[in-house]
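A.B. asks: Below is one structure. I have some questions about it.
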Amino acid sequence: MIWWLRVRCAPALIGALVVVVGVAALVPKSEVPVPSVAGSLTSGLPFRYLVPLLPVLLILYGRARADDAPESVAVRPVRWLDACFMTAPVAVLLLASAFVPDGVAVARNTAGYLGCALVLRWLSTPRLSIALITFLPFAVVSLGGGVGANQPGGPGRCTKGQRRSPEGAPPCSSVRDWWPPSARRCWARGAEQTSSGTGPE
Amino acid sequence: MWFYARQPDALVSAPERYWEAATAHIAVVGIVPLTLCAATGAWEAVRIRRSGLVDRGAAARSPLVVALSQLRTVWGAGLLCVLVALACVAERAMGGPGGPDLRVLALLGLLVTTYTLAGYAVGWLLPWMLTVPVVAVAAFLWLSYPVSMEPLWLRQLNGTNLNEGWAYERTLDARALIAPGLVAAGLLLAALIVMVARAHVVRLTAMLPVTVAIAVAVPMVMPLEYDPTKARDTSTLSCAGAPIRVCLWPEQSQDTEKFRPWVENAAVRLKEAGVKLPKTYTPTFSDPTRADVVMSLVSGILPDPVPVCSERHAWPGEEAYAPVAMWLELTAGGNAEDVADRIDDGGKMMSLVQDVRKLPATDQTQWYSNNRSTLTRCDLKPQLTTTTYKGGTR
């Protein structure tokens, strides 16, 4: 039993779950910008949806380095234990959702990554399935619309960095901030090409 | 990779016919190809490790030669992606003076080499099952995440953030190219050390070039913050014309025949109406329409920052902004329908401005100067209604 746990890197898995819960609880707003093929330049991949890769990769890694021959003739029900070992992290995350915002979605993603990886593993090799599952979250965000697609200042980008001075500013920002709220329309037409600019008065 | 190399919206902020800006924009497209290069490099390393050929027996070829034979396809694919991206931006920059910015292309070439080799080197260090995921996620996060992180200058270190802040009056700051180049070179050196060295103690020295590169690069980019560009040398501006001097960048030289007469026409009308004009007009766009020219000229005449006093006091002049802007645009010869479209209040403001335009010229001038002065201070009330002016100051 101890060997079984060691091969499956159980301590590292516990550490990974702590990291997932910690990320979901502490930085719920953090988003990784992912280049998008549909429409806008980038979409935001919430960081808390990315970290579940960590426990999933560890589970797969542990499963892949197990020695199948001796385990198949073991006295203990290794297959059932493995199944429990794989569902346990999802159950833990579901329980943690009691105090973690959006925790159900994090648990859902963990289950999703794990399930896809296991199907891929059955279809191909363990090594290939681990490599492919890594790209799944990025591919999904990149092909889909994106959570942060409508944020001001470009999706997923730090809006603090936007230039405020008149030179090179997006033409609307300087004028629109100005206008009475009832009349807030862009004075400059077509933000992408036109812009105002004059030299020193 | 090809797919990402031609993102349609990647180029929206690049001014047209400006090669330097267009080339700088392909850096951001590099995120996905570079990640894939690193991941494939790691995959190749795992492949040769698992073959068991390297650790047993006597090596006929040095580790570097072996790596080169394995990685040249990956490297070639990465460089191909850079060229595809360049071909995609070329249609926006075509026709402008000069050609692709070779410094940016050199930086991207260095990045492709570095990430391929770094992925390969890490492939020798980590447990072989986990190598590809770890390398892919780490490379992606490093290339993509810093743009949404503080401190702002962090994004200048990875070399995929040259696409911000572009306009005709901006040019690449050399520091924004040298710093990521240094970091990449440090990483490349570290990868080479890991590949050549066998002993773990020697491999630890790989930390050294990376540390040194970061230590040199960070103070370099700290003053840059989010913006990799700097003000352009104004000696390339060609200015001419009266009453406003129209200053154009070389990239806009094709539009000289449009800008100069339109600006001159509008400026003469405004001057006759008694409007104080700025000395120069430097448009930040090309392929102008007449409406664009009038509009940008007008917004140059209006004061730009909100008056400081408005943070503490009420600012009655705010309601004068739109009518004054509309009056200026109509006086400069703007199309009445376009101007009316800018505000949806059922045409009330437009009819007010039309009434003002029916006043005698001197009253209009008075109306303008009264209301214009309320835009920059808080102690004056705008007098927008025409009844105040009829027969008043004749």
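A.B. asks: I'm trying to understand the selection: among the residues of the range B:231-278, which are among the hydrophobic types (A, V, I, L, M, F, W, C) and part of a strand (DSSP E or B)?
C.D. replies: Once the filter is applied, which keeps residues that are among the hydrophobic types (A, V, I, L, M, F, W, C) and part of a strand (DSSP E or B), the range B:231-278 yields B:ALA231, B:CYS239, B:ALA240, B:VAL246, B:CYS247, B:LEU248.
A.B. asks: For residues in the range B:279-300 being in a helix (DSSP H, G or I) and among the charged types (D, E, K, R), which is nearest to the other protein chains (Cβ to nearest Cβ)?
C.D. replies: That would be B:ASP292.
A.B. asks: Restricting to the range B:223-274, name every residue that is aliphatic (A, V, I, L, M), under 27 Å from B:ALA24 (Cα atoms) and touching a residue at least 40 places away in the same chain (Cβ under 8 Å).
C.D. replies: B:LEU224, B:ALA231, B:LEU237
A.B. asks: Okay, next question. If I ask for residues that are surrounded by 15 or more Cβ atoms within 10 Å (Cβ to Cβ) and part of a helix (DSSP H, G or I), which ones from the range B:358-386 would you list?
C.D. replies: Scanning the range B:358-386 gives B:ASP363, B:GLN364, B:THR365, B:GLN366, B:TRP367, B:TYR368, B:ASN370, B:ASN371, B:ARG372, B:THR386.
A.B. asks: If you don't mind, another one. Taking the range B:185-222 only, how many residues are within 22 Å of B:ASN158 (Cα to Cα), part of a helix (DSSP H, G or I) and not hydroxyl-bearing (Ser, Thr, Tyr)?
C.D. replies: The total comes to 24.
A.B. asks: Any idea which of B:THR289, B:THR362 is among the hydroxyl-bearing types (Ser, Thr, Tyr) and more than 30 Å from B:PRO15 (Cβ to Cβ)?
C.D. replies: B:THR362
A.B. asks: Read through the list (1) at pLDDT 80 or above; (2) under 22 Å from B:ALA231 (Cα atoms), then give the number of the only condition that B:ALA314 fails.
C.D. replies: Among (1) at pLDDT 80 or above; (2) under 22 Å from B:ALA231 (Cα atoms), B:ALA314 violates only (2).
A.B. asks: For the structure I just gave you, tell me whether B:ASP233 is away from chain A (no Cβ under 11 Å) and either hydrophobic (A, V, I, L, M, F, W, C) or touching a Pro at 6+ places or on another chain (Cβ under 7 Å) (or both).
C.D. replies: Here the answer is no, as B:ASP233 does not meet what is asked.
A.B. asks: Pick from B:GLY95, B:GLY52: which is farther than 30 Å from A:LEU60 by Cα and either of a type in the set (Gly, Ala, Ser) or at pLDDT 95 or above (or both)?
C.D. replies: B:GLY95
A.B. asks: Given B:ALA185, B:ALA118, which one is closer than 21 Å to B:MET207 by Cβ and surrounded by fewer than 21 Cβ atoms within 10 Å (Cβ to Cβ)?
C.D. replies: After ruling out the rest, the residue left standing is B:ALA185.
A.B. asks: Return the residues of the range B:244-278 that are more than 13 Å from chain A (Cβ to nearest Cβ) and not charged (D, E, K, R); say none if nothing qualifies.
C.D. replies: B:PRO250, B:SER253, B:GLN254, B:THR256, B:PRO261, B:TRP262, B:ASN265, B:VAL268, B:ALA273, B:GLY274
A.B. asks: Same structure again: Of all residues in the range B:89-140, count the ones that are more than 21 Å from B:LEU187 (Cα to Cα) and touching a strand residue (DSSP E or B) at 6+ places or on another chain (Cβ under 8 Å).
C.D. replies: So the answer is 1.
A.B. asks: Could I ask something else about it? Would you pick out the residues in the range A:42-63 that are surrounded by fewer than 22 Cβ atoms within 10 Å (Cβ to Cβ) and over 18 Å from A:ILE14 (Cα atoms)?
C.D. replies: A:PHE47
A.B. asks: If I ask for residues that are of a type in the set (Ser, Thr, Tyr) and either over 12 Å from A:SER36 (Cα atoms) or modelled with pLDDT of 90 or more (or both), which ones from the range A:129-154 would you list?
C.D. replies: Scanning the range A:129-154 gives A:SER129, A:THR134.
A.B. asks: Here is a list of conditions, (1) crowded, with 17+ Cβ neighbours inside 10 Å; (2) at pLDDT 80 or above, and B:TYR389 meets all of them except one; can you say which number that is?
C.D. replies: (2)
The values are calculated or read from the model by the stated rules, or taken from the named source; none is laboratory data. These numbers were taken from a predicted model, which means no experiment stands behind them. Cβ atoms come from the backbone with ideal geometry, glycine included; neighbour counts cover every protein chain shown.
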